[in-house]
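The values are calculated or read from the model by the stated rules, or taken from the named source; none is laboratory data. Keep in mind it's a predicted model, so treat the numbers as computed, not measured. Using ideal geometry, Cβ is built from the backbone for each residue, glycine included, and neighbour counts are taken over all protein chains shown. To get the accessible areas, we keep the full protein, side chains included, count just its heavy atoms, and leave off ligands, DNA and RNA. Shrake-Rupley method; radii C 1.70, N 1.55, O 1.52, S 1.80 Å.
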Amino acid sequence: MPVTVRDIRAFKERSERFAMVTAYDAAAARLLDEAGIPILLVGDSLGMVVLGHPTTLPVTVDDMVHHTAAVRRGATEAMVVADMPFMSYQASLQEGIRNAGRLVKEGGANAVKLEGGARVLELTSRLVDAGIPVMGHLGLTPQSVNQFGGFRVQGRSEEAAHRILADAKDLEAAGAFSVVLESVPAELARKVTGSLEVPTIGIGAGPHCDGQVLVYHDVFGITQGHVPRFVKRYADVGDTIKQAARAFAREVAEGIYPGPEHTYG
Ligand code: KIV
(Lines give C-alpha, C1' and ligand atoms only; values in the text may rest on other atoms or scores of the structure.)
Protein backbone atom coordinates (compact mmCIF):
# COMPACT_ATOMS: atom_id res chain seq x y z
CA MET A 1 0.00 0.00 0.00
CA PRO A 2 1.42 3.43 -0.91
CA VAL A 3 2.64 5.46 2.07
CA THR A 4 0.41 8.45 2.92
CA VAL A 5 0.56 11.39 5.32
CA ARG A 6 -1.56 9.33 7.73
CA ASP A 7 1.17 6.66 7.84
CA ILE A 8 3.79 9.33 8.57
CA ARG A 9 1.74 10.66 11.49
CA ALA A 10 1.16 7.08 12.69
CA PHE A 11 4.94 6.51 12.88
CA LYS A 12 5.10 9.16 15.58
CA GLU A 13 2.00 7.87 17.38
CA ARG A 14 3.69 4.44 17.58
CA SER A 15 7.09 6.00 18.47
CA GLU A 16 8.48 4.29 15.36
CA ARG A 17 11.55 6.04 13.90
CA PHE A 18 11.65 6.27 10.12
CA ALA A 19 14.06 7.19 7.32
CA MET A 20 13.72 9.55 4.39
CA VAL A 21 16.31 9.60 1.57
CA THR A 22 16.61 12.04 -1.31
CA ALA A 23 16.17 10.75 -4.86
CA TYR A 24 16.42 12.48 -8.23
CA ASP A 25 15.80 9.75 -10.82
CA ALA A 26 13.71 6.66 -11.45
CA ALA A 27 16.52 4.12 -11.01
CA ALA A 28 17.45 5.38 -7.53
CA ALA A 29 13.79 5.74 -6.58
CA ARG A 30 13.14 2.10 -7.54
CA LEU A 31 16.03 0.85 -5.37
CA LEU A 32 15.00 2.95 -2.37
CA ASP A 33 11.35 1.99 -2.80
CA GLU A 34 12.25 -1.71 -2.94
CA ALA A 35 14.40 -1.23 0.19
CA GLY A 36 11.27 -0.01 1.99
CA ILE A 37 12.24 3.66 2.49
CA PRO A 38 8.84 5.27 3.20
CA ILE A 39 9.56 8.82 1.98
CA LEU A 40 11.62 9.86 -1.05
CA LEU A 41 12.48 13.56 -1.06
CA VAL A 42 13.19 15.12 -4.41
CA GLY A 43 15.32 17.76 -2.73
CA ASP A 44 16.53 20.92 -4.39
CA SER A 45 19.92 19.55 -3.31
CA LEU A 46 19.49 18.31 -6.90
CA GLY A 47 21.24 21.55 -7.86
CA MET A 48 24.35 20.63 -5.89
CA VAL A 49 24.66 16.83 -6.06
CA VAL A 50 23.30 16.20 -9.59
CA LEU A 51 23.57 19.46 -11.54
CA GLY A 52 26.94 20.58 -10.14
CA HIS A 53 25.99 24.01 -8.75
CA PRO A 54 27.61 25.29 -5.53
CA THR A 55 24.19 26.06 -3.94
CA THR A 56 20.53 25.13 -4.41
CA LEU A 57 19.63 28.62 -5.63
CA PRO A 58 19.77 28.02 -9.44
CA VAL A 59 17.26 25.13 -9.34
CA THR A 60 14.06 25.91 -11.29
CA VAL A 61 10.49 24.65 -11.05
CA ASP A 62 11.01 22.94 -14.43
CA ASP A 63 14.07 21.11 -13.01
CA MET A 64 12.02 19.97 -10.03
CA VAL A 65 9.03 18.87 -12.12
CA HIS A 66 11.34 16.89 -14.46
CA HIS A 67 13.13 15.04 -11.65
CA THR A 68 10.01 14.58 -9.50
CA ALA A 69 8.26 12.89 -12.44
CA ALA A 70 11.25 10.55 -12.84
CA VAL A 71 11.21 9.64 -9.13
CA ARG A 72 7.43 9.13 -9.30
CA ARG A 73 7.90 6.64 -12.17
CA GLY A 74 10.44 4.68 -10.11
CA ALA A 75 8.50 4.59 -6.82
CA THR A 76 5.39 2.52 -6.28
CA GLU A 77 5.06 2.43 -2.47
CA ALA A 78 7.08 5.37 -1.15
CA MET A 79 5.60 8.79 -0.63
CA VAL A 80 7.24 11.32 -2.97
CA VAL A 81 7.86 14.79 -1.54
CA ALA A 82 9.11 17.55 -3.87
CA ASP A 83 11.02 20.64 -2.77
CA MET A 84 9.68 24.02 -3.83
CA PRO A 85 12.84 25.64 -5.27
CA PHE A 86 14.17 29.11 -4.49
CA MET A 87 11.90 31.91 -5.79
CA SER A 88 9.06 29.55 -6.69
CA TYR A 89 7.01 30.67 -3.65
CA GLN A 90 8.65 33.82 -2.25
CA ALA A 91 7.23 36.38 -4.71
CA SER A 92 3.52 35.78 -4.17
CA LEU A 93 1.01 33.39 -2.69
CA GLN A 94 -0.53 32.78 -6.12
CA GLU A 95 2.81 31.84 -7.65
CA GLY A 96 3.52 29.49 -4.75
CA ILE A 97 0.16 27.76 -5.13
CA ARG A 98 0.54 27.41 -8.90
CA ASN A 99 4.07 26.04 -8.64
CA ALA A 100 3.11 23.56 -5.91
CA GLY A 101 0.25 22.51 -8.19
CA ARG A 102 2.71 21.83 -11.02
CA LEU A 103 4.81 19.58 -8.77
CA VAL A 104 1.71 17.56 -7.94
CA LYS A 105 -0.02 17.58 -11.37
CA GLU A 106 3.01 17.27 -13.67
CA GLY A 107 5.56 15.74 -11.27
CA GLY A 108 3.23 13.37 -9.43
CA ALA A 109 4.43 14.50 -6.00
CA ASN A 110 2.33 13.51 -2.99
CA ALA A 111 3.48 16.54 -1.00
CA VAL A 112 5.74 19.58 -1.23
CA LYS A 113 8.41 20.93 1.12
CA LEU A 114 8.81 24.65 1.89
CA GLU A 115 11.76 26.29 3.64
CA GLY A 116 11.10 28.81 6.41
CA GLY A 117 8.74 29.60 9.27
CA ALA A 118 6.58 32.71 9.65
CA ARG A 119 6.97 33.68 6.00
CA VAL A 120 5.43 30.45 4.66
CA LEU A 121 2.56 29.99 7.14
CA GLU A 122 -0.14 31.46 4.92
CA LEU A 123 1.07 29.50 1.89
CA THR A 124 1.17 26.32 4.00
CA SER A 125 -2.45 26.65 5.07
CA ARG A 126 -3.59 27.61 1.54
CA LEU A 127 -1.84 24.55 0.07
CA VAL A 128 -3.28 22.27 2.72
CA ASP A 129 -6.74 23.75 1.99
CA ALA A 130 -6.13 23.00 -1.68
CA GLY A 131 -5.33 19.37 -0.82
CA ILE A 132 -1.53 19.56 -1.09
CA PRO A 133 0.26 18.22 2.02
CA VAL A 134 3.17 20.38 3.20
CA MET A 135 6.43 19.37 4.88
CA GLY A 136 8.10 22.28 6.72
CA HIS A 137 11.87 22.88 6.84
CA LEU A 138 13.56 24.90 9.61
CA GLY A 139 17.10 25.52 10.90
CA LEU A 140 19.73 25.63 8.16
CA THR A 141 17.46 26.31 5.20
CA PRO A 142 19.91 26.21 2.26
CA GLN A 143 17.91 28.67 0.14
CA SER A 144 18.91 31.33 2.72
CA VAL A 145 22.64 30.52 2.47
CA ASN A 146 23.48 34.10 1.49
CA GLN A 147 21.52 35.45 4.44
CA PHE A 148 23.26 33.02 6.82
CA GLY A 149 26.72 33.75 5.38
CA GLY A 150 27.39 30.07 4.61
CA PHE A 151 26.12 26.62 5.52
CA ARG A 152 26.21 27.08 9.32
CA VAL A 153 24.53 25.42 12.28
CA GLN A 154 21.42 27.43 13.26
CA GLY A 155 19.52 27.91 16.52
CA ARG A 156 22.54 28.21 18.80
CA SER A 157 21.47 31.41 20.59
CA GLU A 158 18.53 31.38 22.96
CA GLU A 159 16.65 33.80 20.72
CA ALA A 160 17.26 31.78 17.54
CA ALA A 161 16.27 28.54 19.29
CA HIS A 162 13.09 30.18 20.56
CA ARG A 163 12.27 31.34 17.00
CA ILE A 164 12.74 27.86 15.56
CA LEU A 165 10.53 26.30 18.25
CA ALA A 166 7.82 28.94 17.67
CA ASP A 167 8.04 28.48 13.87
CA ALA A 168 7.70 24.70 14.23
CA LYS A 169 4.55 25.07 16.35
CA ASP A 170 3.13 27.61 13.89
CA LEU A 171 3.84 25.30 10.93
CA GLU A 172 2.03 22.48 12.69
CA ALA A 173 -0.92 24.80 13.41
CA ALA A 174 -0.94 25.85 9.72
CA GLY A 175 -1.34 22.18 8.75
CA ALA A 176 2.19 20.92 7.97
CA PHE A 177 2.27 17.12 8.32
CA SER A 178 5.97 17.01 9.32
CA VAL A 179 8.91 19.36 9.82
CA VAL A 180 12.53 18.88 8.70
CA LEU A 181 15.08 20.25 11.18
CA GLU A 182 18.45 20.82 9.52
CA SER A 183 21.74 21.50 11.32
CA VAL A 184 20.44 22.56 14.72
CA PRO A 185 21.71 21.54 18.17
CA ALA A 186 20.39 18.16 19.34
CA GLU A 187 18.84 19.65 22.46
CA LEU A 188 16.76 22.10 20.41
CA ALA A 189 15.63 19.27 18.11
CA ARG A 190 14.61 17.25 21.19
CA LYS A 191 12.54 20.17 22.47
CA VAL A 192 10.85 20.77 19.10
CA THR A 193 10.14 17.04 18.66
CA GLY A 194 8.57 16.86 22.12
CA SER A 195 6.44 19.94 21.44
CA LEU A 196 4.87 18.76 18.17
CA GLU A 197 2.27 16.12 17.40
CA VAL A 198 3.53 15.84 13.81
CA PRO A 199 6.91 14.15 13.24
CA THR A 200 10.20 15.98 12.99
CA ILE A 201 12.75 14.69 10.47
CA GLY A 202 16.34 15.56 11.32
CA ILE A 203 19.46 16.09 9.25
CA GLY A 204 22.36 17.16 11.41
CA ALA A 205 19.88 17.59 14.26
CA GLY A 206 20.92 14.72 16.55
CA PRO A 207 19.16 11.54 17.64
CA HIS A 208 15.89 12.84 19.14
CA CYS A 209 13.94 13.56 15.92
CA ASP A 210 11.15 11.18 14.89
CA GLY A 211 12.79 10.50 11.53
CA GLN A 212 16.15 11.08 9.85
CA VAL A 213 16.93 12.18 6.31
CA LEU A 214 20.17 11.97 4.33
CA VAL A 215 21.13 12.93 0.80
CA TYR A 216 21.44 9.91 -1.56
CA HIS A 217 24.95 10.79 -2.78
CA ASP A 218 26.19 11.20 0.81
CA VAL A 219 24.63 8.08 2.32
CA PHE A 220 25.88 5.76 -0.43
CA GLY A 221 29.35 7.28 -0.76
CA ILE A 222 28.95 8.84 -4.20
CA THR A 223 29.84 12.34 -2.94
CA GLN A 224 33.60 12.85 -3.26
CA GLY A 225 35.55 15.12 -0.93
CA HIS A 226 34.19 16.89 2.13
CA VAL A 227 30.90 15.78 3.67
CA PRO A 228 29.28 17.38 6.72
CA ARG A 229 29.92 15.86 10.17
CA PHE A 230 26.38 14.45 10.40
CA VAL A 231 26.75 12.25 7.29
CA LYS A 232 27.19 8.53 7.80
CA ARG A 233 28.23 6.56 4.71
CA TYR A 234 26.45 3.23 4.47
CA ALA A 235 28.24 2.19 1.25
CA ASP A 236 31.15 3.25 -0.96
CA VAL A 237 29.41 3.26 -4.30
CA GLY A 238 31.69 6.04 -5.59
CA ASP A 239 34.80 3.87 -5.11
CA THR A 240 33.01 0.87 -6.62
CA ILE A 241 32.10 2.89 -9.72
CA LYS A 242 35.68 4.17 -10.12
CA GLN A 243 37.12 0.64 -9.82
CA ALA A 244 34.59 -0.73 -12.30
CA ALA A 245 35.23 2.14 -14.75
CA ARG A 246 38.99 1.44 -14.62
CA ALA A 247 38.38 -2.29 -15.17
CA PHE A 248 36.10 -1.57 -18.17
CA ALA A 249 38.63 0.82 -19.73
CA ARG A 250 41.47 -1.69 -19.16
CA GLU A 251 39.54 -4.59 -20.74
CA VAL A 252 38.62 -2.42 -23.75
CA ALA A 253 42.26 -1.36 -24.16
CA GLU A 254 43.44 -4.98 -23.88
CA GLY A 255 40.78 -6.32 -26.27
CA ILE A 256 39.20 -8.50 -23.55
CA TYR A 257 35.82 -6.80 -23.77
CA PRO A 258 33.58 -7.57 -25.60
CA GLY A 259 34.13 -11.33 -25.42
CA PRO A 260 32.25 -13.96 -27.47
CA GLU A 261 29.48 -14.09 -24.83
CA HIS A 262 28.76 -10.38 -25.41
CA THR A 263 28.81 -10.64 -29.20
CA TYR A 264 25.94 -11.39 -31.65
CA GLY A 265 26.68 -14.11 -34.18
O1 KIV B 1 17.24 19.48 -0.67
C2 KIV B 1 17.39 18.57 0.16
O3 KIV B 1 17.97 17.52 -0.12
C4 KIV B 1 16.86 18.78 1.50
C5 KIV B 1 17.25 17.81 2.57
C6 KIV B 1 18.67 17.93 2.88
C7 KIV B 1 16.39 17.92 3.77
O8 KIV B 1 16.16 19.72 1.72
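In the chain, how many lysine pairs have Cα atoms under 23 Å apart, counting only pairs 8 or more places apart or on different chains?
Working: K12/K113; K12/K169; K12/K191; K105/K113; K113/K169; K113/K191; K169/K191; K232/K242.
For the chain, the number of qualifying lysine pairs is 8.
Report for the chain the percent antiparallel among DSSP-assigned beta bridges with both residues inside it, nearest 5. Before the final figure, lay out the partial values.
Details: 1 of 30 bridges.
In the chain, DSSP labels about 5 percent of beta bridges as antiparallel.
In the neighborhood of I222, defined by Cβ-to-Cβ distances under 10 Å, what is the net charge if each Lys or Arg adds +1 and each Asp or Glu adds -1?
Numbers: positive: R233; negative: D218, D236, D239.
With Lys, Arg at +1 and Asp, Glu at -1, the neighbours total -2.
Each residue of the range 161-169 in turn: what ³J(HN,Hα) in whole Hz from Karplus with 6.51, -1.76, 1.60 and θ = phi - 60°, glycine and Pro shown as x?
Per residue, the Karplus-derived 3J(HN,Hα) values read 5, 4, 4, 5, 4, 5, 4, 5, 5 Hz.
For a quick check: with amide H placed at 1.01 Å from N, whose amide H comes under 5 Å from V180's, ignoring anything fewer than 5 positions away on the same chain?
When sequence neighbours closer than 5 places are left aside, the close amide H contacts are G136, H137, L138, I201.
Using R₀ = 45 Å, calculate the FRET efficiency as 1/(1 + (r/R₀)^6) where r is the Cβ-Cβ separation of E122 and A244; round to 0.05. All intermediate terms of the calculation are to be shown ahead of the outcome.
Details: r = 50 Å, r/R0 = 1.12.
With a Förster radius of 45 Å, E is 0.35.
Ranked from highest to lowest mean number of other Cβ atoms within 10 Å per residue, what is the order of the peptides 179-185, 9-15, 58-64? Walk me through the numbers on the way to the answer.
Numbers: 179-185: 25.1, 9-15: 12.7, 58-64: 19.0.
So the order, starting with the most tightly packed, is 179-185, 58-64, 9-15.
So, by mean Cβ neighbours within 10 angstrom, what's the order for 215-226, 252-263, 76-87, 23-34 with the highest one leading?
Values: 215-226: 17.1, 252-263: 8.8, 76-87: 22.8, 23-34: 20.2.
Peptide ranking by packing, descending: 76-87, 23-34, 215-226, 252-263.
Where both residues lie in the range 17-147, what percent of DSSP beta bridges are antiparallel, nearest 5? Spell out each step's value before the answer.
On the way: 1 of 15 bridges.
Antiparallel bridges: around 5 percent, rounded to the nearest 5.
Provide Rg over Rh for the range 5-234; use the alpha carbon set for both Rg and the Kirkwood Rh (inverse mean inverse pair distance).
Numbers: Rg = 15.9 Å, Rh = 17.3 Å.
Using only Cα positions, Rg/Rh for the range 5-234 is 0.92.
Please report the carbon-and-sulfur percent of the accessible area for the range 5-234; probe 1.4 Å, protein heavy atoms only, DNA, RNA and ligands left out.
Details: 5280 of 10310 Å².
Ligands and nucleic acids excluded, carbon and sulfur give 51 percent.
Averaging sequence separations of C-alpha pairs under 8 Å and six or more residues apart, then dividing by the length of the chain, give the relative contact order as a whole percent. Write down the numbers at each step before the final one.
Numbers: 502 pairs, mean separation 41.1, N = 265.
Result for the chain is 15 percent.
Quick one: if you stick a label point 7 Å off each Cα along the C-beta vector at Q90 and R14, how many nm between them?
4.0
Which ³J(HN,Hα) values, rounded to whole Hz and listed in residue order, are derived for the range 190-205 from phi using the Karplus coefficients 6.51, -1.76 and 1.60 in 6.51 cos²θ - 1.76 cosθ + 1.60 with θ = phi - 60°, glycine and proline given as x?
4, 5, 5, 4, x, 8, 10, 8, 7, x, 9, 10, x, 9, x, 10
Using the heavy atoms of the protein chains alone and a 1.4 angstrom probe, what is the accessible area of the chain per residue in square angstrom? Can you show the working numbers first?
On the way: 13350 Å² over 265 residues.
Result: 50 Å² of accessible area for each residue.
With θ set to phi - 60°, apply the Karplus curve 6.51 cos²θ - 1.76 cosθ + 1.60 along the range 45-52 and write out the HN-Hα couplings as whole Hz, x wherever there is a Gly or Pro.
Couplings: 4, 2, x, 8, 8, 10, 8, x Hz.
Considering amide H positions built from the backbone, and no H for Pro or chain starts, which residues 5 or more places from H53, or on another chain, come under 5 Å of its amide H?
Under 5 Å from the amide H of H53 lie the amide H atoms of M48, each far enough along the sequence or on another chain.
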